[in-house]
Amino acid sequence: MRTLSAKSLTLLLCLCLCVPAFAQAPFSGTPAIEQSLDKLTVLGSVLLIAAHPDDENTAILAYYARGRHMRTGYLSLTRGEGGQNLIGSEQGDLLGLIRSHELLAARRIDGAEQFFTRAIDFGYSKTPEETLAKWGHELVLSDVVWVIRRFRPDVVILRFSGTPKDGHGQHQVSAIVGKEAFSAAADPNRFPEQLKFVEPWQARRLLFNTFSFTRDQEKEAAATPGRIEVDTGAFNPVLGVSYSQIAGMSRSMHRSQGMGASQRPGPSLNYLVPVAGDPPTKDAFDGIDTSWERVPGGAEIGRVLAEAARSFQPEHPERSIPLLLKAHPLIAALHDPWASRKLNELNEAIALCAGLWLDANSDTYAIVPGSSLEVSYTALNRSTAPMRLESLTLEGMGSESRTDAHHAALNANQPVNAQLKYAVPAGQPYSQPFWLREPKHGDTYTIPDRQLIGLPDDPPLLNLRFRLEAGGVTFDLLRPVRHRYVDRVDGEQTRALTVVPPVALNLPRDMVLFPNADARRVEIAVRADVPKAKGDVQVALEPGWSAEPVSQAFEEATAGEQQPLAFEVRPMQLPDPRALLRASAHVDGREIGVGMLVISHPPLPPLTVFPPAVAKLVRVDVRVAVHKVGYVMGAGDEMPGAIRQLGCEVTLLSASDLEQRDLSEFDVIVTGVRAYNTRADLRANLPRLLDYVRNGGKLIDQYNVTDGNLVPMGPYPFKVGHDRVTVEESPVAFTNPSNPLLHSPNDITQKDFEGWIQERGLYFASEWDPRYQTVLESHDPGEKPLAGGMLYARYGKGIYIFSGYSWFRELPAGVPGAYRVFANMLSAK
């Protein structure tokens, strides 16, 4: 018998980490079994590369994964942290977490796998030079090479061209590094440190999936020399839909970006253009052996598996099991990455044909380091195929595996149940997403564990390995341990295991503004995650700042209960405007300095993060001349809380408020980001808002995008364009120095535009009526000045302001000058 070398064994283990967790797919029953059997016969792979969540061509992914049964992957350089959020107020890292899981939900539909690099989406970039300067050329290239070497694609497809026609600088970079990585992945002299885990890999060819978002682009794509046509509108009779229809289902998972898509049947042509490697003539896999013949000793396996797929009987799927069992030892005897992967797929195909229900259910989802966990398991064979349960092994959390021999016949539809105990290691880390565990390095994540780079999410904390026997063949099936429960509204639900601290310190605000020298009350909510938790909370401040008290005890609390503790914090004197407040709890000799945030956006699973129990303290002299603010929430932002920090009373205006409430009770009304895009009630009641302005009110509209829902805003005509200023340090000029927005109640200077984050603004006005007065002007390097970022007009007795500057980012981030400018907008005269 051949034995694996240490390097080959490491390679196989590394490849196994790429196997996605099995989750509920949109296709089940006979379609799922047929897909599984057909995929066993195909040994081809394709990797699509782009820059962001939503860049992927879901139709191409579905065509190759669901139609051609290829192993198909999508590598997104970023997790989409720099975009906007239509379903909540989360931004930055939290938005990236949401979009990562939206992509995983999309991949479960189109059948592909998901990968990422360490690059962070820092917002819109106009040039690849800026993007590479922020990410580091070698770092992002090394990550793309790493994914290619792990995935080992036959064909690599670029979604962008690497030229200015791609627009976004990050789009261009995805193709630039994709082209470089195509060759670099095969060069053992490039990134040799990776070769401890993987081997060099040369894909057969590199193709560009031409994009055609306009009629002219469609004509250009259709006329490109050497192109290959792929009709993703082809109908799959087993699944009952076309690949473009699957693409519509998949793309609609991008909910935070408002990417709901139609499921249009009929032809849908895509074009693939050769870029490098062996050019194809008719098909992307021309000349590539995607059968078992590509693996030495695989010919007989291919014949057996082809017969299993050909002879499949939907009414009796269990009759395919003997052929699958015949193939099992043949595959297991091979030492090849394809054999390792296909053996896992084969085991899952056996489970599908037998209707196996293998479940590992924990008694809770929240576990504390050092605690114990009870796992109830069920093994159920819902077929007449003879099977036995041989053993069970709990694996995970960095501790030794625990195996229990459990010999039991799995008779038809007769469940085998039992319980297992598991001790959670005392040093088990909290369940922070792996890319958020360490401080970031500029615009890239710090991921010390090489084998986690590229993965979309953390592997399950704990798995239960079921070892089964059938027909003299022993095979394993791995299932994650989850908490299964019943919700009275939504029915049966599951939650992933989550390691939590005994208590968490939740600060209601990430930033506290001190608009003057007065002390402010800062509350810290102590959440208990174990019964009878007690201890004390201490706050630490930087020199010059003080708190009263500095330490408070909290009493015994039941699990899930929160106790608020209040501290009076007094700022230091200017000029240093910023500081940090750090909170820590001391419980049973353990120091805890994190909070716990659960993000809930069904149908995504609950997402738990543990942010540091730290608040930014910002001391800046800022005055505001209004008190009552009405806020029309749009796509979701944190502006209401930021405005409250100025001492204003903020009321969120509902649809009935806009239609019936006496708006004159508000000193000013502010509409949230993309409010006109997302709220039909706001569009319908715009005349009432303009009447409110005419009669002496003030209305501030923040940015909206140009789409079919955007109505003409403001009392006088103006158009919203696509202009933006992406460099946050870009100089700002005052186009009308006497405008009151620059003087009352705060005198605005150039210093107020220092320390901004991500960008100056977006979706500026491109044209406007002369009755508007511009206030600010800015532009990116080498571009023309843009004055449409802020428009000011008197209308009747009141004032209207439009502003595309990114207040929704700057104020929650605690940018001092942004507060001063926005306070003037609220107080406009």
Seminar exercise, completed: Within region 122-147, the count of residues that are open to solvent by less than 20 Å² (accessible area, probe 1.4 Å), farther than 18 Å from Ser730 by Cα and either free of Cβ contacts under 8 Å to residues at least 40 places away in the same chain or of a type in the set (Val, Ile, Thr) (or both) comes to 4
Exercise. What residue, among those in region 407-424 that are over 13 Å from Ser376 (Cβ atoms) and open to solvent by 40 Å² or more (accessible area, probe 1.4 Å), is modelled with the lowest pLDDT?
Worked result: His407
Exercise. Which pairs do you get when a residue that is surrounded by fewer than 12 Cβ atoms within 10 Å (Cβ to Cβ), found in region 425-453, comes within reach of a residue that is outside any helix (DSSP H, G or I) and at pLDDT below 95, reach meaning Cβ atoms under 8 angstrom, with the pair 6+ apart or on two chains?
Worked result: Ala426/Pro369; Ala426/Gly370; Gly427/Pro369
For this session: For residues that are open to solvent by less than 10 Å² (accessible area, probe 1.4 Å) and farther than 24 Å from Asn236 by Cβ, tally how many sit in region 43-82.
Result: 12
For this session: Return yes when Glu130 is assigned to a helix (DSSP H, G or I), more than 22 Å from the chain's Cα centre (by Cα) and at pLDDT below 95 and no when it is not.
Result: yes
Exercise. Within region 626-688, which helices (runs of 4 or more DSSP H) (wholly inside it) include 3 or more residues that are closer than 16 Å to Trp807 by Cα?
Worked result: 639-644
Exercise. Does region 192-202 contain any residue that is assigned to a helix (DSSP H, G or I), touching a residue at least 40 places away in the same chain (Cβ under 8 Å), among the polar types (S, T, N, Q) and open to solvent by 30 Å² or more (accessible area, probe 1.4 Å)?
Worked result: no
Problem set entry | Identity of the residue in region 767-786, in contact with a Phe, Trp or Tyr (Cβ under 8 Å, 6 or more places away or on another chain) and of a type outside the set (Asp, Glu), that ends up surrounded by the fewest Cβ atoms within 10 Å (Cβ to Cβ) | Arg771
Problem set entry | Residue check for Pro274: assigned to a strand (DSSP E or B), under 36 Å from the mean Cα position of the chain (by Cα) and in contact (Cβ under 8 Å) with a residue 12 or more places away in the chain | yes
Problem set entry | Near pairs, Cβ below 9 angstrom, 6+ apart or cross-chain, from region 346-366 (on the phi > 0 side of the Ramachandran plot) to any residue that is open to solvent by 20 Å² or more (accessible area, probe 1.4 Å) and aliphatic (A, V, I, L, M) | Gly355/Leu380
Exercise. Just one of Phe666, Phe718, Phe734 is open to solvent by less than 30 Å² (accessible area, probe 1.4 Å), more than 25 Å from Gly647 (Cα to Cα) and either in contact (Cβ under 8 Å) with a residue 60 or more places away in the chain or out of contact with any Pro (no Cβ under 8 Å at 6 or more places or on another chain) (or both); which is it?
Worked result: Phe718
For this session: Given the conditions (1) of a type in the set (A, V, I, L, M); (2) part of a loop (DSSP other than H, G, I, E, B); (3) open to solvent by 50 Å² or more (accessible area, probe 1.4 Å), report the number of the one that Leu478 does not fulfil.
Result: (2)
For this session: Would you be able to say whether some residue in region 300-322 is farther than 30 Å from Asp231 by Cβ and touching a Phe, Trp or Tyr at 6+ places or on another chain (Cβ under 6 Å)?
Result: yes
Seminar exercise, completed: Looking across region 97-121 at residues that are in a loop (DSSP other than H, G, I, E, B) and over 14 Å from the mean Cα position of the chain (by Cα), the single one that is surrounded by the fewest Cβ atoms within 10 Å (Cβ to Cβ) is Gly111
Exercise. Do we have Arg66 as part of a helix (DSSP H, G or I) and either more than 30 Å from Gly266 (Cα to Cα) or in contact with a Pro (Cβ under 7 Å, 6 or more places away or on another chain) (or both) here?
Worked result: no
Problem set entry | From Gly266, Gly248, Gly287, Gly258, residue being surrounded by fewer than 17 Cβ atoms within 10 Å (Cβ to Cβ), of a type in the set (Gly, Ala, Ser) and more than 21 Å from Lys219 (Cα to Cα) | Gly287
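The values are calculated or read from the model by the stated rules, or taken from the named source; none is laboratory data. These numbers come from a predicted model, not from an experiment. Every residue, glycine as well, gets a Cβ built from its backbone with ideal geometry; the counts of neighbours run over all protein chains shown. What goes into the accessible areas is simple: the full protein's heavy atoms, side chains included, and nothing from ligands, DNA or RNA. Shrake-Rupley method; radii C 1.70, N 1.55, O 1.52, S 1.80 Å.
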